[in-house]
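Everything below concerns the one structure shown next.
The values are calculated or read from the model by the stated rules, or taken from the named source; none is laboratory data. Every value quoted in this text rests on a predicted model; they were computed, and no experiment measured them. So basically every Cβ, Gly included, is an ideal-geometry build from the backbone, and we count neighbours across all protein chains shown.
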Amino acid sequence: MNSPIIIQIIASFLDAKTIITFSQVCKLFHKTMQIDSFWEKLYYMKYIGNLEIFGELVTGDLHMKPLNSSRKFLKLYQKGALRENNWSVIKGRFLPDSDIGLISMEIRENLKNPLLPLPMLRREAKNFTTLVQDSLGNAFGEPPMSGFNSFSEAETLMQVFYDIQESLIQEYSTNYHSSFLCKTRWQLKSKKSNKKYIKFLPKSKTLIKSKSFFVNDMVLVVKGLIKTHCTSVLVNLEKISEIKNFLNEYCIRWEAYSASISSLETILSPLCSIFNTIYDCYFPHKFRTPAFTICRLMIIIWKREVFNYVYDIIINGIVIVIQKLRENLEKNNSVNMDLLENDILLLSKTVQFIVDMSGNELTFQYIDHTKFPAEIFYLILEQKVERATQQYYLEISTLPLLVCKKLMKYDESFVSRIFLQRTSYKIKKMRLETLLQSYQSHYFSLYKEYGSFFNDELPTDPFMYTPFGKMLFNNDTSLTSTKKIKNFIEYIKVKNHANDIVEYNNIDGELEEIKKGLCDKDEEIEYVNEGQGFSLEISKEESMFFSLADDMDVEDFEKVAKYGFK
Amino acid sequence: MSEITLVSKEGTKIQISSQFSNLSGFIHNILQDYQQNEDISLASVSFINLQMILEYAVHHNFQVPQPPRCPITSPNIADNVSDPWDAEFVNRLNEDQIIDLVTATNFLDMKSLMDLCLAKIACMFKYKDIETLRKEYGITEEFTAEIEEKLKSDFPWAMEAESND
């Protein structure tokens, strides 16, 4: 082992501050400090090592290429440290140092190890299956609990905010300040020229004394902590190369993050409340816009820092796991559904977590509607699943009718558990069409083989005037078709296959209803939501504000604000 | 097989339990094709170091002990190890002896003892300023003012950050 490696090991026992001193002693030490694998170790130790989490590990043998990102851990570590440093910048501005320390600690702890078990969902689980859906879907209901539950000192923050509210509103009245307020409020992506807006707060004395920006800065430092946490989650995900393990890890992390959202909403409610008050004073709006909440802020950060980098892998992963599941069903004669249960649960969770990223306060009201206006991520998933399903159904439609029916039954049982109504409904249509096709080819080939000896005295069978009879008529235009069909139906009945005719007719009926767009549940959902003022379609301008898409840029915002704000 | 014979650089033989392979990757590999009564030659390990290594191994009952705290939190090694004996053991040695021992543990692929020695060296860096370190290690080379300025501007966070590590 040569001396640079020994020096590296020695340095690995040092904290960042000592390492920087160490690096200034001589060139060899300085060179050691520049090695990125060394910072990787430090980064893992500080940000990932103590990312404790609950949850069972699900693994499989479906391998994929891990996310290929060339990380510079020194930079990552630097970013994290700078963001932490920002807390010291807001110290002493209206709040005692001890309170700032407590708030920072509380946020950090709630992010890393949220208060599990997860809080109860407010509506029945069948409406909103995840915490985020529950939170957004109920945004217009009862307001979230206000105040701090976790520590008494933090009540001071609430009090301080109210005490300085008037003066803050005064200070934000200039255009300069209000544009920053807008950017923070809507998470606007800065124009290139404005890009330099303090990511890392300068420690200028004038700024510290000024009341202005205090709320903005507070939001920015909170955002910094959340971003650092999200990046560490991404770094953790990047190394996984097994698909089920990846999906499982993502689910555990997102579930924990949802719990963090829930607890931070409570802890930081005074901050949101004052932010909304100030904002509303300067931007009285024409139409309904969602409030500034920690939930929205955290979802947007997660989208930007984690989801945008992994959604492709998640979506492809879901499709691959479904394909494997179907292959297993196809290969094995007797299927033990209990064995598949783990996979189905994992898939259903993952899909719900994609849904979390594909809706908002308004659209979630229609989550069970067949026309749920999902945003892009779910649409991509749906498209890929539809394509894979189409392919699979095409393959099994060539199998004997009995096998096809059995496989379709399994497929039906898990598809409806995994996907939203809008997708299940589309897949149901495909399934019914394939089944009809399979019935048709099976019975029509039997029909063709059926002999030419007819019993003329047979009475007319009612089945002749059902879709099954029509199908045979459509395929046989000869003059003797009526007699042949009559005898053929009798033959099926004698063979005890009359049930197949009933099934065929039922499938045909169901398919007709789907084609007409009839779905009882849709009407019920529309009735309930329209009564509360939620529309299935919202205007483009309004949707921009409600969208949880990763960003709205300044230009878009200004365009809409012209019509929406005075 | 219960005992093995190790031969130091000077040719001195020492008998030790084969469980020593739990601590040393080198011995572990040798034992894969070991013929009974065969001597194991340790060409890079002096008798004194071998004695110290065996003292450490016997104390820990040939089991890998808890590693030192990482990052270390104090310049005193005793605050960074779980077994006070480890701190006493390594505190008995001067810097040259530690370096010798590190070389021996490196030869024997004995990570636990090597970490203990290197953690002890790391303790010597903790809370010391640049000039003291340079003086202690006889480093005369100077960074240019430009590089020094760059270091300061690149890592202000390390100087200002709260000690959250």
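Within the range A:476-496, does at least one residue satisfy the condition of being modelled with pLDDT under 85, surrounded by 13 or more Cβ atoms within 10 Å (Cβ to Cβ) and not in a helix (DSSP H, G or I)? Checked against the condition, which is being modelled with pLDDT under 85, surrounded by 13 or more Cβ atoms within 10 Å (Cβ to Cβ) and not in a helix (DSSP H, G or I), the range A:476-496 yields at least one hit.
Quick one: would you say residue A:426 is crowded, with 17+ Cβ neighbours inside 10 Å and assigned to a helix (DSSP H, G or I)?
Yes: the conditions hold for residue A:426.
Scanning the range A:387-409 for residues being touching a residue at least 12 places away in the same chain (Cβ under 8 Å) and under 30 Å from residue A:373 (Cβ atoms) gives a total of 7.
Among the residues making up the range A:508-566, a single one is modelled with pLDDT under 85, more than 28 Å from residue A:302 (Cβ to Cβ) and hydroxyl-bearing (Ser, Thr, Tyr): A:563. If the condition is being closer than 16 Å to residue A:78 by Cβ and either touching an Asp or Glu at 6+ places or on another chain (Cβ under 9 Å) or touching a residue at least 40 places away in the same chain (Cβ under 8 Å) (or both), then the range A:1-19 contributes A:15, A:16, A:17.
Buried (at least 16 other Cβ atoms within 10 Å of the Cβ) and within 16 Å of residue A:246 (Cβ to Cβ): is that true of residue A:344 in this structure?
On the way: buried (at least 16 other Cβ atoms within 10 Å of the Cβ): yes; within 16 Å of residue A:246 (Cβ to Cβ): no.
The answer is no for residue A:344.
Considering only the range A:311-323, I want to know if a residue exists there that is buried (at least 22 other Cβ atoms within 10 Å of the Cβ) and more than 16 Å from the chain's Cα centre (by Cα). The answer is yes; a qualifying residue exists.
Taking the range B:113-141 as the range and being out of contact with any Ser or Thr (no Cβ under 7 Å at 6 or more places or on another chain), facing chain A (nearest Cβ under 8 Å), in a helix (DSSP H, G or I) and β-branched (Val, Ile, Thr) as the test, only B:121 passes.
What do you reckon, is residue A:259 outside any loop (DSSP other than H, G, I, E, B) and small (Gly, Ala, Ser)? Can you show your working first?
Numbers: outside any loop (DSSP other than H, G, I, E, B): yes; small (Gly, Ala, Ser): yes.
Spelling it out, residue A:259 is indeed outside any loop (DSSP other than H, G, I, E, B) and small (Gly, Ala, Ser).
Of these, A:503, A:412, which one is surrounded by fewer than 17 Cβ atoms within 10 Å (Cβ to Cβ), closer than 30 Å to residue A:382 by Cα and touching a residue at least 60 places away in the same chain (Cβ under 8 Å)?
On the way: A:412 fails: touching a residue at least 60 places away in the same chain (Cβ under 8 Å).
The conditions single out A:503.
Only one of the numbered conditions (1) modelled with pLDDT of 80 or more; (2) within 7 Å of chain B (Cβ to nearest Cβ); (3) in a helix (DSSP H, G or I) is not met by residue A:25, and that is (3).
Just checking, does the range A:375-384 include any residue being of a type in the set (Val, Ile, Thr) and either within 27 Å of the chain's Cα centre (by Cα) or surrounded by 21 or more Cβ atoms within 10 Å (Cβ to Cβ) (or both)?
First, pick out the residues of the range A:375-384 that are of a type in the set (Val, Ile, Thr): A:376, A:380.
Going one step further and asking which of them are either within 27 Å of the chain's Cα centre (by Cα) or surrounded by 21 or more Cβ atoms within 10 Å (Cβ to Cβ) (or both), we end up with A:376, A:380.
Looking through the range A:375-384, at least one residue is of a type in the set (Val, Ile, Thr) and either within 27 Å of the chain's Cα centre (by Cα) or surrounded by 21 or more Cβ atoms within 10 Å (Cβ to Cβ) (or both).
Note down all Cβ pairs under 8 Å where the first residue falls in the range A:517-545 and is closer than 28 Å to residue A:428 by Cα, the second is surrounded by 12 or more Cβ atoms within 10 Å (Cβ to Cβ) and basic (Lys, Arg), and they're at least six residues apart or on different chains. Going by the 8 Å Cβ cut-off, the qualifying pairs are A:522/A:371; A:536/A:371. Checked against the criterion of being loosely packed, with under 15 Cβ neighbours inside 10 Å, more than 12 Å from chain B (Cβ to nearest Cβ) and either at pLDDT 80 or above or closer than 28 Å to residue B:133 by Cβ (or both), the candidates A:66, A:4 yield just one match: A:4.
Listed here are the residues, each with its yes/no results for (1) assigned by the TED database to the domain that holds residue A:423; (2) part of a helix (DSSP H, G or I); (3) under 30 Å from residue A:527 (Cβ atoms).
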| position | (1), (2), (3) |
| --- | --- |
| A:303 | no, yes, no |
| A:341 | no, yes, no |
| A:355 | no, yes, yes |
| A:370 | no, no, yes |
| A:382 | yes, yes, yes |
| A:405 | yes, yes, no |
| A:410 | yes, yes, no |
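In the set A:242, A:255, A:171, A:238, only one residue is at pLDDT below 80 and among the charged types (D, E, K, R); that residue is A:171.
Could you check, for the range A:263-280, whether at least one of its residues is modelled with pLDDT under 90 and not in a helix (DSSP H, G or I)? Within the range A:263-280, one or more residues are modelled with pLDDT under 90 and not in a helix (DSSP H, G or I).
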